[in-house]
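For reference, the structure discussed in these notes is given below.
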Amino acid sequence: MDATITHWQAVVHSYWTVVLFATFIGIWAWAWSDKRKKAFDEAARLALDDDDEVIEATKREVNQ
């Protein structure tokens, strides 16, 4: 079995690298866009909002 890379394999690997890099940059730009800020801020608050609901429910139970 020959372990050398042919010219076409090298070209395909190069194009594949460029495609993956462009995809990464596209996802990065999408994630940091201003349109996504509100959705990400809401998602960041989910765990904290759940805690607030538990605290309020506990306070209501104690006051009853």
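Every read-out reported here was derived from the displayed coordinates using simple, explicitly stated rules and does not represent laboratory data. For clarity, every value in this text was computed on a predicted model and none was experimentally measured. Cβ: placed from backbone, ideal geometry, glycine included. Neighbour counts: every protein chain shown.
Hey, what angle do you get for helix 7-31 against the long axis of the chain, alpha-carbon based, 0 to 90 degrees rounded to 10?
20 degrees
Please work out which option in (1) 11.9, 34; (2) 23.0, 65; (3) 25.1, 80 gives Rg and Dmax of the Cα atoms in Å calculated from these coordinates, and answer with its label.
Here Rg and Dmax of the Cα atoms in Å agrees with entry (3).
Relative to the longest principal axis of the C-alpha atoms of the chain, give the angle of the C-alpha long axis of helix 34-63, reported between 0 and 90° and rounded to the nearest 10°.
Orientation of helix 34-63: about 30 degrees from the principal axis.
Treat each spin label as a single point 7 Å out from the Cα along the C-beta direction, and report the Trp30 to Glu53 distance in nm.
Computed distance between label sites Trp30 and Glu53 equals 2.8 nm.
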